[in-house]
Amino acid sequence: MEVSFKEEIELLKLGQGEVFHGEGILAITKALLQSGVAYIGGYQGAPVSHLMDVMVQARDYVAELGVHVEACSNEASAAAMLGASIHYPLRGAVTWKSIVGTNVAADALSNLSSPGVTGGTLIVVGEDYGEGASVIQERTHAFAMKSTMLLLDPRPELSNMVNMVEHAFALSEASNMPAMMELRIRACHVRGSFVCKDNKKPAISSHTPMAEPARFDYARLAHPPVTFLHEKRKIEERIPAARRYIVEHQLNELHAGKHADVGIIVQGGLYNALIRSLQQFGAADAFGVTDIPLLVLNVAFPLVPEQVAQFALDKKAVLVIEEGAPDYIEQEIATMLRRRAMRTGLHGKDMLPAAGEVNAEVMLGGLTQFFRAHVPAIATQSVEATLDATTARRAASAARLDAALPARPPGFCIGCPERPVFAALKMVQQDIGPLHIAADIGCHSFATFAPFSFGHSILGYGMSLASRAGVSPVMQRRVLSIMGDGGFWHNGLLTGVQSALFNGDDAVLLIFKNGYTSATGTQDIISTPGKDSKAAAADKLSSLTATNLTIENTLAGIGVKWIKTVHSYRVVAMRKVLKEALNSEFNGLKVIIAEGECQLERQRRIRPWLASLLASGKRVVRVKYGVDEDVCNGDHACIRLSGCPTLTLKDNPDPLKMDPVATVIDGCVGCGLCGENAHAATLCPSFYRAEVIQNPQWHERLLANLRSTMLRLLQPA
């Protein structure tokens, strides 16, 4: 059973005059349909995963509009879809997580930007930058600049965001430039409302297909020598056209204020935080009315020199609030003002941190310096006192808590099928010595944290096998590469497996086959188990219904000779196969497939089924593991070996023993790893397996009563 987006799909159907209430990313999705988009593709990733998740489940509805939806295998294939808009007046949209997704899509995007587009194209990128990010800290802005693509950074208010989507397509068509829209996590999840329009059916679609393809035009190819002409057009035609559209349609917003001798230029996505910060100084209200003139950049690239110069005219100082490094916007504005010999003082990274997220506290600090230097009429004492108090409170807390709190690194979900594999790998290294481990993007990257601490490099999604190519020849022991099935299909098959086979490398690859692209929200992939298979119906409680052999068949078909598939939870078997692969006399690529269904998806599948059984009064058996307190000796090797969140400590009930005992708390899903580890590592025999029976049958009730009676009789008085 997958996550249902039924309610969200109903919101996509709202028509003219109806009011949408919901999250920003869903408002963006609705705006695509209102803009007459003809095709939508993408690759999931925070914070924009919901766009594709909802679109995939809404395929039946959007098909009625003639909109084609494609769940792409990676960001490069999504970007390549936009090639449909080079020749044809088709509006297309794709989405992915930035900056890693943009890097993967770079080749296609560069070749799209060179000839330009006829139909409007929009790339919705999740700008995963800052304290809550899960990727490398880079910004989309650099890519938009170097490839001459429009970059929109809308003020996070639903009406404005929807309006900017519609304008993005029109702006793309007016300038022939592909458009990118960066959405931070706060913009994706901001809640609000807007008045809807009817969804538009594209003029050209599967309902009304084109009779003939476009006439061949060499000028529309990203191919020398015409690419030299493309570069000139970018500068001489496309950017000026974009700037004209930005000014004519007032995409960047000007807000007047009583302190007309100063001003603030801010990226649109940071507007809400700026207004909240200005409120702390008494310089703005909750409705966005400010005492300081603002230029809000809903379009971050290209900037309009005349607009910036007009805003800075007659001002003694302007503050540029730009998130991250380098300071692209500030440098460009400085150049614009210098070329016009304007003496306006320009501040930015001299008052704000050079790198990192511009959160409320950071912004308060920068505004305090700016107001103290240029707007003495605005009192800063109370804000400075608050910031000083916050700093002092943190210092005091750090002093009190220094080394007192245990580290709590992120970890695998309870019952995750990847944890037992790493437990087995820990035992293997005890046997044969430490290994160089090439890690990868995915849930399995949590093994880089304690208690496993595995992984020497993470070079990209599906790149682990490729990243060990330079290490393998200089290591006495074989190198182990790890990737998930999502990474395998995203990039690993071509960049890793094909390359290793072509070069005859002696490599070991471990693939986690959990059936989904789990780290991005458990989306289906080509190797997802069949939902309606006979095996699934016969055994709903199995850890993974082995109905999909696509990975094994693909590996065999491409020429891999050594392939072993092992059940993830069988620690003894996994330990044996890992040692075999690392010590085998076979010289070539050896692939171990660890097969175990994602526990989140397993629970989503079996919980409704178990609930239906209970509701109908049928017998249900739930497996639970525990620790015998009298046997546990307090060594806790079990915890160090598995790191399961449900395996923890409690006070020893024996007053003569000081060490706490291990215990299994109620979150246990009965995966059996603790027992498997106890067996595989010959740990203490304190673990026991119990079956909790609900709706027992009459003979089970009778047997339970007899057992209880016997236990009471055997207990001392």
* To do: Would you please name the residue that is farthest from the chain's Cα centre (by Cα), looking only at residues in region 357-372 that are hydrophobic (A, V, I, L, M, F, W, C) and part of a helix (DSSP H, G or I)?
  => Phe371
* So which residues in region 174-218 are surrounded by fewer than 15 Cβ atoms within 10 Å (Cβ to Cβ), touching a residue at least 12 places away in the same chain (Cβ under 8 Å) and within 27 Å of Ile239 (Cα to Cα), if there are any at all? -> Ala214, Asp217
* Only residues in region 688-715 that are under 27 Å from Cys674 (Cα atoms) count as the first member; pair them with residues that are open to solvent by 90 Å² or more (accessible area, probe 1.4 Å) and charged (D, E, K, R), Cβ under 6 angstrom, at least 6 apart or cross-chain, and list the lot. => Val692/Arg622
* **Top-ranked residue of region 225-236 - restricted to ones that are of a type outside the set (A, V, I, L, M) and under 36 Å from the mean Cα position of the chain (by Cα), ranked as nearest to Asp285 (Cα to Cα)** => Lys234
* To do: Output the number of the condition that Pro420 fails; it satisfies all remaining conditions of (1) under 15 Å from Ala507 (Cβ atoms); (2) open to solvent by less than 30 Å² (accessible area, probe 1.4 Å); (3) in contact with a Gly (Cβ under 9 Å, 6 or more places away or on another chain); (4) not polar (S, T, N, Q).
  => (1)
* Residue ID - nearest to Met145 (Cα to Cα), chosen from residues in region 241-253 that are open to solvent by less than 40 Å² (accessible area, probe 1.4 Å) and part of a helix (DSSP H, G or I) -> Ala242
* Pairs with Cβ under 6 Å, 6+ apart, first in region 122-151 and in contact (Cβ under 8 Å) with a residue 24 or more places away in the chain, second surrounded by fewer than 19 Cβ atoms within 10 Å (Cβ to Cβ) and among the β-branched types (Val, Ile, Thr) -> Asp128/Val135
* **Members of region 127-155 found to be part of a loop (DSSP other than H, G, I, E, B) and open to solvent by less than 10 Å² (accessible area, probe 1.4 Å), listed by number** => Thr140, Met149, Asp153, Pro154
* Asked: Checking Gly42 against (1) at negative phi; (2) open to solvent by less than 20 Å² (accessible area, probe 1.4 Å), which test does it fail?
  -> (1)
* Asked: When the residues of region 548-575 are filtered to those that are charged (D, E, K, R) and in contact with a helix residue (DSSP H, G or I) (Cβ under 9 Å, 6 or more places away or on another chain), which remaining residue is least open to solvent (accessible area, probe 1.4 Å)?
  -> Arg575
* Test Ala355 against the criterion of being within 16 Å of Leu270 (Cβ to Cβ), loosely packed, with under 15 Cβ neighbours inside 10 Å, among the hydrophobic types (A, V, I, L, M, F, W, C) and touching a helix residue (DSSP H, G or I) at 6+ places or on another chain (Cβ under 7 Å), and give yes or no. => no
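Yes/no per residue for (1) open to solvent by less than 40 Å² (accessible area, probe 1.4 Å); (2) over 26 Å from Ala407 (Cβ atoms); (3) not polar (S, T, N, Q):
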| site | (1), (2), (3) |
| --- | --- |
| Arg622 | no, yes, yes |
| Val631 | no, yes, yes |
| Asp659 | no, no, yes |
| Val664 | yes, no, yes |
* Structure fact -> Within region 660-717, the residues that are touching a Phe, Trp or Tyr at 6+ places or on another chain (Cβ under 8 Å) and not in a strand (DSSP E or B) are Cys668, Gly670, Cys671, Gly672, Leu673, Cys674, Gly675, Glu676, Ala678
* Inspect all residues belonging to region 74-89 and state whether any of them is open to solvent by 30 Å² or more (accessible area, probe 1.4 Å), within 30 Å of Arg602 (Cβ to Cβ) and in contact with a Lys or Arg (Cβ under 7 Å, 6 or more places away or on another chain). => no
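Let's see how each residue does on (1) open to solvent by less than 30 Å² (accessible area, probe 1.4 Å); (2) at pLDDT below 90:
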{"site": "Arg394", "(1), (2)": "no, yes"}
{"site": "Ala398", "(1), (2)": "no, yes"}
{"site": "Ala404", "(1), (2)": "no, yes"}
{"site": "Ala407", "(1), (2)": "no, yes"}
{"site": "Leu425", "(1), (2)": "yes, no"}
{"site": "His444", "(1), (2)": "yes, no"}
{"site": "Ser467", "(1), (2)": "no, no"}
{"site": "Gly470", "(1), (2)": "no, no"}
{"site": "Arg478", "(1), (2)": "no, no"}
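The values are calculated or read from the model by the stated rules, or taken from the named source; none is laboratory data. Here the structure is a predicted model, which means the values were calculated and not measured. Cβ coordinates were reconstructed from backbone atoms using ideal geometry, including for glycine residues, and neighbour counts include every protein chain displayed. Side chains are part of the model used for accessible areas, which takes the heavy atoms of the whole protein and leaves out ligands, DNA and RNA. Shrake-Rupley method; radii C 1.70, N 1.55, O 1.52, S 1.80 Å.
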